[in-house]
1. Quick check on the range 231-248. Is at least one of its residues under 15 Å from THR333 (Cβ atoms) and open to solvent by less than 40 Å² (accessible area, probe 1.4 Å)?
2. If a residue counts only when it is out of contact with any Ser or Thr (no Cβ under 8 Å at 6 or more places or on another chain), among the small types (Gly, Ala, Ser) and more than 30 Å from GLN281 (Cα to Cα), which helices (runs of 4 or more DSSP H) contained entirely in the range 1-118 have at least 3 such residues?
3. Check every one of the strands (runs of 3 or more DSSP E) wholly within the range 558-652 and list those with 2 or more residues that are open to solvent by less than 60 Å² (accessible area, probe 1.4 Å) and within 20 Å of ASN694 (Cα to Cα).
4. When the residues of the range 59-92 are narrowed to those that are open to solvent by less than 40 Å² (accessible area, probe 1.4 Å) and of a type in the set (Gly, Ala, Ser), which ends up nearest to LYS295 (Cα to Cα)?
5. Being acidic (Asp, Glu) and surrounded by fewer than 20 Cβ atoms within 10 Å (Cβ to Cβ) narrows it down to one of ASP685, ASP716, so name that one.
6. Within the range 490-532, how many residues turn out to be in a strand (DSSP E or B) and free of Cβ contacts under 8 Å to residues at least 12 places away in the same chain?
7. Every residue in the range 150-172 that is in a loop (DSSP other than H, G, I, E, B), among the small types (Gly, Ala, Ser) and open to solvent by 40 Å² or more (accessible area, probe 1.4 Å), please.
8. So for the range 188-206 (the condition being under 41 Å from the mean Cα position of the chain (by Cα), polar (S, T, N, Q) and open to solvent by 10 Å² or more (accessible area, probe 1.4 Å)), does at least one residue qualify?
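The values are calculated or read from the model by the stated rules, or taken from the named source; none is laboratory data. These numbers were taken from a predicted model, which means no experiment stands behind them. Neighbour counts run over all protein chains shown; Cβ positions are idealised from the backbone, glycine included. Quick note on the areas: whole protein, heavy atoms, side chains included, nothing else; ligands and nucleic acids left out. Shrake-Rupley method; radii C 1.70, N 1.55, O 1.52, S 1.80 Å.
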Amino acid sequence: MSKRKRKLGSLRFELLLLPLALLLALGFHHTPLGEEVENLTLDWRFKARAASDPPAAPEVLVVAIDENSLAKLGRWPWARDVHADFMTLLAAREPAVVAFDLLFTEPSADPAQDKKFGEALGRTTASITGAIAEQLENAKKFDAEYAGSTMAIENFKGDPARLVGYDTGLIPVPAIGENSHVGFVNAPPGPDGVRRQLPLVVRCGTRVFPSLALRALLTREGVETNVVEVVLGECIRIKGPQKTWQIPIDGQGRMTINYRHPDTFSVSSYSGLTKRLLELQVEEWPKNDPPLTGKVLFVGQYAAGLTDLGPTPHGPLTPLVLTHANALSNILTGDYIQKPEMLHLIGIWALLALLTILPVRYGRIWLSVLVPALFVGAYVVAAFYFFQKQSLHLPLAWPVLGFVLVEGGAFLHRLVLELRAKGRIKGMFGTYISPQLVDQMIASGEDPKLGGQEAEITAFFSDIAGFSTFSEKLTPEQLVTLMNDYLSEMTDILHDNGGTLDKFIGDAIVGMFGAPLPFEGHAYYGCRAALLMQKRQLELREKWRKEGGWPGIVFEMQTRIGLNSGPAIVGNMGSRRRFNYTMMGDNVNLAARSESGAKSYGVFIMTTGETKALAEKHKTDIAFRFMERTVVKGRSIPAEMYEVVGFKDELSMKTKECLALFQQGIDAYLAQKWDEARDLFERSDRLEIHEYFNPSKLLLERCAAMKENPPGPDWDGVYVMKTK
């Protein structure tokens, strides 16, 4: 299966996860907890934009019953002649509306008080007093066509039972209610106690009446409820003299208030405004004072300790008269909270979720965490930004939850797949490559291409010299112990240098560097491993000597190693039932010939010119000795053969001098200066590590043979081996 097909296949889980996460997130959105979380994020947005809130509608003025008013006019509640005097003074300034967010549903101890207030209200068509629908014990179901002087709304589409309301309610006493319009002040809080929505129409008994804010708009426009059309879940339409108003409402007749900060409203103290009206009864209204003519005044409680304060998005003790003032300000300015089309939002969410899945599944770990976090962060920032600039309410709770479910699920799926891949790769390769290489293969995100592929590798062959003698001298138990000890140490060095174990053939080790995972410097690390094996073998010989009980041949163990670099076929090869990860090809055969040919030269590590060149390209701390150009048994193409001598910083001066003399001898040998070459090889022979047979002795024999039978002027220095 190709990498692309594997990727598409592995995305099936995520493509199934996407709609499932969406359904779960949308389901959460419609739970009480989901609504509460979303409302909380909306409150954060109200507070975040408060500093940039525009001024409220200039037509709206709040008259606050504040601490100063209580200090001047006495303890609350005041006698109704206070309000009567206020209305009498106010009438001269001709406000468009004076809406009392107060209940006058109980008669005063002195009926004259109610009569005086009612007469003051009746002097203007601008006055509105409050009513409330609530459950009353032992009260008849409200069925009157009018609440005070306000007629019920008749043009209603929808189920009135869905509205906020009760079968009973409280309306102003007749002396007051019959001389003013009536608006219902019901403003029930949400489940968390915060008021975010305001009913614009309220059911009281069998009738539907306007709220205080809606009644204020009708009074300002000079129209009655007969021009109001209510379509639940859509809008309220009002045919005014200048325009048709269309106010969005939900299925319960509620308007979502686009709260602006309290400081954006013009607020006058009740007592201060009363004093100002009294002082300026016949004078022109000062330009520096909030104008009153044509304005909508909401009269309500502001003082701490009074009952009409409660939680809103801007604080836990907000004067609730501001809910009505905010609602009317929204209506007058068209400043509504906007909501996106749900299907469009779901489509955009699905696209973003799908885009973020790709880095989660296939990117680096840090990228798979960073990209979704950036997307979620960008969406949250966009939600705050568009709410500030356009009052667009992009939901946060369900999209973020959906992202977390999708990205979290995709990430967990990735972990599961990687754990499976790790187990699969360890099962395939754990016995013949190093744990570090296994981890690199897993981190690469790709399975090795099994079944045979061409790769540039360094093939490695090692063999213990004279091993058949060991078999004769040792008992089977000793032989097993010895080989386990030896092969364990050698294989560890192979793995530690990035090598892959191909197989053991008795005492022989067959390995490769650069597969199944390619890496730079495979030739260098092959040579390095060979040198470290020779050093470790010396340590093992000393260890066995100290242990005692071993025959002397063990202390003389020598291993010959051959290496060659170049393209080869690597992969799982064998029968359908049993196969092995191995290598084959001409370059592999040359490595094997290098190992066997090392005996002919009297060296213990022999490699080719290709390996030397690649190793020195990576690092130059290993010393090589050129032997000659040779055609090994079974090949027709000559290869440059080198001894891997050792690490340069570990060579003795004697060895360095030997290598220099030997190279001079080689130069003379290739120039067919047999006597000069013989002298140089004799000198280098005296400095060789191995006394009995070494490259200097071999070349001395060659010089003698060449002098007796010269190769001719066209000789290219190639020697053809007759044996393996």
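1. Checked the range 231-248: at least one residue is under 15 Å from THR333 (Cβ atoms) and open to solvent by less than 40 Å² (accessible area, probe 1.4 Å).
2. 12-29
3. The strands (runs of 3 or more DSSP E) meeting that bar are 559-574, 605-608, 622-631, 639-647.
4. ALA91
5. None of the other options fit; the residue is ASP716.
6. Taking the range 490-532 and keeping what is in a strand (DSSP E or B), we get 499-505, 508-513.
Of the ones still in play, those that are also free of Cβ contacts under 8 Å to residues at least 12 places away in the same chain are 505.
Residues meeting the conditions: 1.
7. Result: GLY158, single match.
8. Yes, that holds for at least one residue.
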